[in-house]
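The structure appears right after this line, and notes come after that.
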Amino acid sequence: MPVQGMRTYIANMNRGRRGAADQHELFARHAERLRAEIARLRLRERYVSAKAELWAARVSGDAAAEERITPTAIELGAALLKEEVELHHD
(Lines give C-alpha, C1' and ligand atoms only; values in the text may rest on other atoms or scores of the structure.)
Protein backbone atom coordinates (compact mmCIF):
# COMPACT_ATOMS: atom_id res chain seq x y z
CA MET A 1 0.00 0.00 0.00
CA PRO A 2 1.38 3.44 -0.86
CA VAL A 3 2.37 5.77 1.97
CA GLN A 4 -0.71 7.94 1.42
CA GLY A 5 -2.87 4.84 1.79
CA MET A 6 -1.20 4.03 5.09
CA ARG A 7 -1.86 7.59 6.29
CA THR A 8 -5.50 7.21 5.31
CA TYR A 9 -5.64 3.86 7.10
CA ILE A 10 -4.31 5.40 10.32
CA ALA A 11 -6.67 8.35 10.06
CA ASN A 12 -9.61 5.99 9.52
CA MET A 13 -8.53 3.88 12.50
CA ASN A 14 -8.64 6.99 14.66
CA ARG A 15 -12.24 7.56 13.53
CA GLY A 16 -13.35 4.18 14.85
CA ARG A 17 -16.58 2.77 13.43
CA ARG A 18 -17.17 5.96 11.45
CA GLY A 19 -14.09 5.10 9.36
CA ALA A 20 -15.23 1.56 8.56
CA ALA A 21 -16.71 2.33 5.13
CA ASP A 22 -13.59 4.27 4.16
CA GLN A 23 -11.39 1.39 5.36
CA HIS A 24 -13.40 -1.01 3.24
CA GLU A 25 -12.97 1.18 0.16
CA LEU A 26 -9.25 1.65 0.87
CA PHE A 27 -8.60 -2.08 1.11
CA ALA A 28 -10.88 -2.96 -1.82
CA ARG A 29 -8.91 -0.56 -4.05
CA HIS A 30 -5.63 -1.97 -2.77
CA ALA A 31 -6.79 -5.53 -3.50
CA GLU A 32 -7.68 -4.49 -7.05
CA ARG A 33 -4.24 -2.94 -7.55
CA LEU A 34 -2.64 -6.15 -6.30
CA ARG A 35 -4.73 -8.27 -8.68
CA ALA A 36 -3.59 -6.09 -11.59
CA GLU A 37 0.03 -6.28 -10.46
CA ILE A 38 -0.16 -10.07 -10.17
CA ALA A 39 -1.63 -10.31 -13.68
CA ARG A 40 1.26 -8.20 -15.02
CA LEU A 41 3.78 -10.41 -13.20
CA ARG A 42 2.19 -13.56 -14.62
CA LEU A 43 2.45 -12.15 -18.13
CA ARG A 44 6.10 -11.22 -17.56
CA GLU A 45 6.82 -14.72 -16.21
CA ARG A 46 5.22 -16.33 -19.27
CA TYR A 47 7.31 -14.11 -21.55
CA VAL A 48 10.58 -14.82 -19.74
CA SER A 49 9.83 -18.55 -19.71
CA ALA A 50 9.13 -18.50 -23.46
CA LYS A 51 12.39 -16.66 -24.07
CA ALA A 52 14.28 -19.17 -21.92
CA GLU A 53 12.71 -22.01 -23.91
CA LEU A 54 13.62 -20.27 -27.16
CA TRP A 55 17.25 -19.84 -26.12
CA ALA A 56 17.43 -23.42 -24.86
CA ALA A 57 16.25 -24.58 -28.29
CA ARG A 58 18.86 -22.39 -29.97
CA VAL A 59 21.65 -23.70 -27.70
CA SER A 60 20.70 -27.30 -28.42
CA GLY A 61 20.31 -26.66 -32.15
CA ASP A 62 16.63 -27.66 -32.11
CA ALA A 63 15.36 -25.52 -34.99
CA ALA A 64 11.87 -27.05 -34.84
CA ALA A 65 11.45 -26.12 -31.16
CA GLU A 66 12.83 -22.64 -31.83
CA GLU A 67 10.38 -22.19 -34.70
CA ARG A 68 7.53 -23.46 -32.53
CA ILE A 69 8.19 -21.10 -29.57
CA THR A 70 9.12 -17.96 -31.54
CA PRO A 71 5.52 -16.87 -32.32
CA THR A 72 4.58 -17.28 -28.64
CA ALA A 73 7.55 -15.20 -27.51
CA ILE A 74 6.68 -12.49 -30.04
CA GLU A 75 3.02 -12.49 -29.00
CA LEU A 76 3.87 -12.26 -25.30
CA GLY A 77 6.43 -9.52 -25.96
CA ALA A 78 3.82 -7.51 -27.86
CA ALA A 79 1.35 -7.99 -25.00
CA LEU A 80 3.96 -6.73 -22.53
CA LEU A 81 4.66 -3.65 -24.63
CA LYS A 82 0.96 -2.92 -24.99
CA GLU A 83 0.46 -3.26 -21.25
CA GLU A 84 3.38 -0.91 -20.52
CA VAL A 85 1.94 1.73 -22.85
CA GLU A 86 -1.49 1.42 -21.23
CA LEU A 87 -0.03 1.46 -17.73
CA HIS A 88 1.92 4.65 -18.32
CA HIS A 89 -0.85 6.46 -20.18
CA ASP A 90 -3.55 6.05 -17.55
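General observations
- Positions within the stretch 1-20 being under 23 Å from GLU37 (Cβ atoms), of a type in the set (S, T, N, Q) and exposed (fewer than 11 other Cβ atoms within 10 Å of the Cβ), in sequence order: GLN4
- Meets criteria (of a type in the set (Ser, Thr, Tyr) and either under 17 Å from the mean Cα position of the chain (by Cα) or modelled with pLDDT of 95 or more (or both)) for TYR47: yes
- Pairing each residue of the stretch 64-90 that is polar (S, T, N, Q) with any residue that is modelled with pLDDT of 95 or more, provided the two are 6+ apart or on different chains, yields C-beta distances under 7 Å for THR70/LEU54; THR72/ALA50.
- Condition broken by ASP90, with the remaining ones in (1) of a type outside the set (Lys, Arg); (2) at pLDDT below 95; (3) assigned to a helix (DSSP H, G or I) satisfied: (3)
- Qualifying positions in the stretch 1-39 - closer than 20 Å to LEU87 by Cβ and among the acidic types (Asp, Glu): GLU32, GLU37
- Residue match in the stretch 47-64 (condition: surrounded by fewer than 11 Cβ atoms within 10 Å (Cβ to Cβ), out of contact with any Pro (no Cβ under 6 Å at 6 or more places or on another chain) and within 30 Å of HIS88 (Cβ to Cβ)): no
The values are calculated or read from the model by the stated rules, or taken from the named source; none is laboratory data. Bear in mind the structure is a predicted one, so any value in this text is a computation, not a measurement. Methodologically, a virtual Cβ is constructed for each residue, glycine included, from the backbone with ideal geometry; neighbour enumeration extends over all protein chains shown.
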